[in-house]
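The values are calculated or read from the model by the stated rules, or taken from the named source; none is laboratory data. The model shown is predicted, which means the values in this text are computed figures rather than measured ones. Here the Cβ positions follow ideal geometry from the backbone for every residue, glycine too, while neighbour counts run over all protein chains shown.
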Amino acid sequence: MQQQQQRLTLPTQGQGLYEFTEDARAFVDRSGVSSGLLTVFCRHTSASLLIQENADEQVQRDLMEFFRRIIPEDSPWIQHRAEGPDDMPAHIKSALTQSSLSIPIADGRMALGQWQGIYLFEHRSRRHSREVLMHVIGE
Amino acid sequence: MQQQQQRLTLPTQGQGLYEFTEDARAFVDRSGVSSGLLTVFCRHTSASLLIQENADEQVQRDLMEFFRRIIPEDSPWIQHRAEGPDDMPAHIKSALTQSSLSIPIADGRMALGQWQGIYLFEHRSRRHSREVLMHVIGE
Amino acid sequence: MQQQQQRLTLPTQGQGLYEFTEDARAFVDRSGVSSGLLTVFCRHTSASLLIQENADEQVQRDLMEFFRRIIPEDSPWIQHRAEGPDDMPAHIKSALTQSSLSIPIADGRMALGQWQGIYLFEHRSRRHSREVLMHVIGE
């Protein structure tokens, strides 16, 4: 049994989904782990992780629209506005999605389904540099 | 330290919660792992995983009703409708719940609480065959 | 490779976020694991886990307000009311957040970001004693 870790830096340009399935795949390849478990962890509270359909851009547009509607930036009851109108909705969207994902590895590959991609979900409007940690354990 | 994996195929007949706690328990039993970690992973973007109360059917009915209300199938702003009115809401419900669950194993058993059951949450209306991957590591 | 587990009992006094980052840190310290993976698991269906900003109390207040608004306790369509008006909303809030969290460990420390704290999210109004299981694997 062995394990490895890698830090991934993802630059973001505003709210949206940023796919990094290929980075995760390359990390698993390099690790040499044939059977095991990949964990992905997001080191932020205003960005999060999501496994979603990687084929259709409309899906991503509708997903963004849903999250905009469920917690509008101009919600009058929001008190925490020091860092701008997108800050508190960002924390809420992070709470509604994932900080960590766990994906089994079989035959040297992540056991993702055919349509599944791994995304960083950026909830802030300004440019950011986001850190994701990948950890693999197995043999 | 050892690890094992098993693929589970779950047939679904429309939207709802499909419990597979017993399948997970049987897998942990067969693995012989006494202390360790179970990971469950759903290989789909229109079905997801959930740990919920396994005692009361009303809880499941109300849970379904909540998700129907938070993202109605006839929401006029939804653009992605190629696969039917339940498709985009399915992706959103998946985003709001889990792709993976991690459950510690102690004394040869999943450390679930008294009322916790493990469910596949099917978000599509038609029949499907869903694949769940179980991975255990421990000793 | 080694692993360890610890059960943590967290007393709660009504709905809110209860931070236990220090308990997790102490557990990782005692385990002696320098590189590995921490898993935290909540053994309840009316309380859950959340990684959130640990600096600003307004963030927590707004987060609570969002969850109160998204599933009001007096929603007329709720059928499951046997255990009080906060019971079914508690199950729904649990479904929308996490049962388990996975956090990589590097250099003997959880790889949390600067503003990330680990919280038990209590959804019931009465006092409870909540059980969280921590599992670490690594070397």
Is it true that some residue in the range A:94-101 is surrounded by 21 or more Cβ atoms within 10 Å (Cβ to Cβ), over 18 Å from C:PHE67 (Cβ atoms) and in contact with a His (Cβ under 8 Å, 6 or more places away or on another chain)?
-> no
Which is in contact with a strand residue (DSSP E or B) (Cβ under 6 Å, 6 or more places away or on another chain) and either more than 10 Å from chain C (Cβ to nearest Cβ) or among the small types (Gly, Ala, Ser) (or both), of A:MET134, A:MET110, A:MET64?
-> A:MET110
Find the strands (runs of 3 or more DSSP E) located wholly in the range C:51-139 whose residues include 1 or more that are over 17 Å from the mean Cα position of the chain (by Cα) and within 16 Å of C:THR39 (Cβ to Cβ), and list them.
-> C:100-106, C:127-138
In the range B:1-48, anything surrounded by 15 or more Cβ atoms within 10 Å (Cβ to Cβ) and among the acidic types (Asp, Glu) is listed as B:GLU19, B:ASP23
Report, by residue number, each residue of the range A:67-93 that is crowded, with 18+ Cβ neighbours inside 10 Å and of a type in the set (Phe, Trp, Tyr).
-> A:PHE67
For the range B:113-131, how many residues are surrounded by fewer than 24 Cβ atoms within 10 Å (Cβ to Cβ) and within 9 Å of chain C (Cβ to nearest Cβ)?
-> 5
Give the range C:92-139 a look and list any residue that's hydroxyl-bearing (Ser, Thr, Tyr) and touching a helix residue (DSSP H, G or I) at 6+ places or on another chain (Cβ under 7 Å), or say none.
-> C:THR97
Exactly one of A:VAL40, A:VAL33 is part of a loop (DSSP other than H, G, I, E, B) and within 30 Å of B:ILE137 (Cα to Cα), and that residue is A:VAL33
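Okay, residues lined up against (1) in contact (Cβ under 8 Å) with a residue 60 or more places away in the chain; (2) not charged (D, E, K, R):
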site: B:HIS44; (1), (2): yes, yes
site: B:LEU50; (1), (2): yes, yes
site: B:ARG61; (1), (2): no, no
site: B:PHE66; (1), (2): no, yes
site: B:ARG81; (1), (2): no, no
site: B:GLY84; (1), (2): no, yes
site: B:MET88; (1), (2): no, yes
site: B:SER94; (1), (2): no, yes
site: B:THR97; (1), (2): no, yes
Out of curiosity, is C:THR12 farther than 24 Å from A:LEU101 by Cβ and touching a residue at least 60 places away in the same chain (Cβ under 8 Å)?
-> yes
Restricted to the range B:52-81, and to residues that are hydrophobic (A, V, I, L, M, F, W, C) and out of contact with any helix residue (DSSP H, G or I) (no Cβ under 8 Å at 6 or more places or on another chain), which residue is modelled with the lowest pLDDT?
-> B:ALA55
